[in-house]
Amino acid sequence: MTKPTEDDLTGVEARQSPKPEVEAIGGRKLKPATLMMGHGYDPALSEGALKPPVFLTSTFVFPNAAAGKRHFEGVTGKRPGGASGLVYSRFNGPNQEILEDRLGIWEGAEDALTFSSGMSAIATLFLSLVRPGDTIVHSGPLYAATETLIARVLGRFGVNWLDFPAGATREEIDAVLEKAHAAGRVALIYLESPANPTNALVDVQAVRASRDAIFGAGDEVPPIAIDNTFLGPLWSQPLRHGADAVVYSLTKYAGGHSDLVAGAVLGAKPLIDTIRAMRNTIGTICDPNTAWMLMRSLETLELRMSRAGENAAKVCAFLRDHPKVERVGYLGFLAEAEGRQADIYRRHCTGGGSTFSLYLKGGEPEAFRFLDALKIAKLAVSLGGTETLASHPAGMTHLSVADDRKQALGITDNLVRISIGVEDADDLVADMEQALGAV
Ligand SMILES: *Cc1c(COP(=O)(O)O)cnc(C)c1O
């Protein structure tokens, strides 16, 4: 060991002053996977810590009284430009701000907000846009809790809804939007793609063209928001296809380890500011510890999603040819297919994801024998984690759905939903093979 030299001490000094962030090298813009390691965080502001600390504080100190007043002038609109800086943890915190900066990078979003769950993100989005008498137009089916929120909760406050099937054509979308437009103010066009468990993809480009044609460029143009939980941000980036806002349950692929619950909304700044005002009011923000865990998750997002996607392709190729399998609903097969859904897939998606529908020959007894025989895959709802999960929608998540609607959605007793993780692909194939053997 040598004593610290003058140079070393100068190094420590140098560490105290912020360094400008590198976002491009030689004119080459750095990719999201690179930026996830440090973007939006300056170690010099936190004692040189390589990783951001978890900022456990409910409130932030103003440097002086005038700065405090300036902040609230921004909040209340008395001064243009809005509020900046940190004041109170119901509004924001350092961990959440860094996470929001990094999340936005994946989809080239201008701004982003994080939430305590996917549902609190969706609820805050809705509350910030709807008024009594408004209509929400949405693709169907939606995540069950989102349907409940629209039809049963917002319905109590005089909000109406109209839907079109996820796979709808431009003409079908036009018809529903025209009807909604004629009925009054349309607050929002809300999409979810792929629909669960039908896997039907929404043609976001067609929805955008239809919205623009019917509502023109007036003041009352309803924003298009889309739940991108199943394919985002790696395999689908709807902001590039005409959506105004993208919604996430970060609980799934973004968090990716089945150890947290969180949500996000990404989009253009004016719309995000409207949603932020509602989040500030009701406090649906993600907590600092969860935000920290999500920053760690984002460092491996591309690795995890790429591996899970490759694994799913191998497992689905095996399942498709198995004699005990009736059909595999896996989006990756669309890459080589014909028809409208394949066309939407090729325009909107760069991969088939790792969550799919497996229809076994038989009914509930066959599905249950398969599920109970699995040795690697865990029997649980949810998706997008490092571990492979399997569940039975008809008997679990969709148990309370009426029989005729179940039939219409293809939620049959022989359906098993599988989310493939990052295990060894051949081990997963072996597990599926022995479980099918037990059917
Ligand atoms: C899980 C999920 C949600 C809800 O997210 P939470 O984090 O559980 O609140 C919303 N949409 C989709 C598509 C989901 O899979």
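The values are calculated or read from the model by the stated rules, or taken from the named source; none is laboratory data. Please read all numbers here as calculations on a predicted model, not as lab measurements. Heads up, the Cβs are rebuilt from the backbone with ideal geometry, glycines too, and the neighbour counts pull from every protein chain shown. For accessibility, only protein heavy atoms count, side chains too; no ligands or nucleic acids. Shrake-Rupley method; radii C 1.70, N 1.55, O 1.52, S 1.80 Å.
Relative to the longest principal axis of the Cα atoms of the chain, the long axis of helix 288-299 makes an angle of roughly 70 degrees.
Taking the C-alpha atoms only, the angle from helix 301-320 to the longest principal axis of the chain is near 10 degrees. Of all the options Pro94, Pro20, Pro222, the one that moves most in a Gaussian network model of the chain with Cα springs shorter than 10 angstrom is Pro20. Residues within the reach of a label modelled at Glu387 (point 7 angstrom out along Cα to beta-carbon, backbone nitrogen below 18 Å), restricted to segment 261-302, are 261.
Does anyone have the angle between helix 425-437 and the longest principal axis of the chain? Alpha-carbon axes, 0 to 90°, nearest 10? That works out to roughly 30 degrees. Loop-located chymotrypsin sites (Phe, Trp or Tyr not before Pro) in segment 320-416 (DSSP state other than H, G, I, E, B) with a sparse environment of at most 13 neighbouring Cβ atoms within 10 Å are absent. If you take every DSSP beta bridge whose two residues both sit in segment 301-438, what share of them, in percent to the nearest 5, is antiparallel? Restricted to segment 301-438, the bridges split so that about 85 percent are antiparallel.
So, counting K/R as plus one and D/E as minus one, what does the shell of residues with Cβ under 15 Å around Gly395 add up to? Here the count lands on -2. To put it simply, the accessible area of the chain at a 1.4 Å probe is 55 percent carbon and sulfur.
Sequence-ordered 3J(HN,Hα) estimates for segment 377-389 from the Karplus curve with 6.51, -1.76 and 1.60 and θ = phi - 60° stand at 5, 8, 8, 7, 7, 5, 6, x, x, 5, 9, 6, 10 Hz, glycine and proline given as x. Relative to one another, the C-alpha centroids of segment 184-259 and segment 299-322 are positioned 24 Å apart.
Computing FRET efficiency as 1/(1 + (r/R0)^6) for Leu50 and Ala430, where r is the C-beta to C-beta distance and R0 is 45 Å, gives about 0.70. Of Lys361, Lys78, Lys31, the residue with the greatest mean-square motion in the GNM of the chain, using alpha carbon springs below 10 Å, is Lys78. Annotation: per residue accessible area for the chain equals 47 Å², rounded to a whole number [probe 1.4 Å, protein chains only]. Structural descriptor for the chain: relative contact order 15 percent, calculated from alpha carbon pairs under 8 angstrom and at least 6 residues apart.
What is the P(r) of the chain, as percent of Cα-Cα pairs per 20 Å bin from 0? Using 20 Å bins, I get a P(r) of 23, 53, 21, 3 for the chain. Identify the residues of segment 404-422 with backbone N under 19 Å of a label point that sits 7 angstrom from the Cα of Ala438 along the Cα-to-Cβ direction, or state none. Taking a point 7 Å out along Cα→Cβ of Ala438, the residues of segment 404-422 whose backbone N falls under 19 Å are 414-421. Largest GNM mean-square fluctuation among Ala380, Ala312, Ala66, using the chain with Cα springs under 10 Å: Ala66. Think of the chain as a dipole: +1 on every Lys or Arg Cβ, -1 on every Asp or Glu Cβ, centred on the Cα centre; then among Ala66, Ala206, Gly385, Ala66 lies furthest on the positive end. Considering only beta bridges that DSSP places wholly inside segment 94-296, some 40 percent are antiparallel.
The slack in the chain from Asp42 to Lys19, taken as 0.36 nm per residue of separation less the alpha-carbon distance, amounts to 7.6 nm.
When peptides 337-344, 227-234, 170-177, 213-220 are ranked by their average number of other Cβ atoms within 10 Å per residue, the highest-first order is 227-234, 170-177, 337-344, 213-220.
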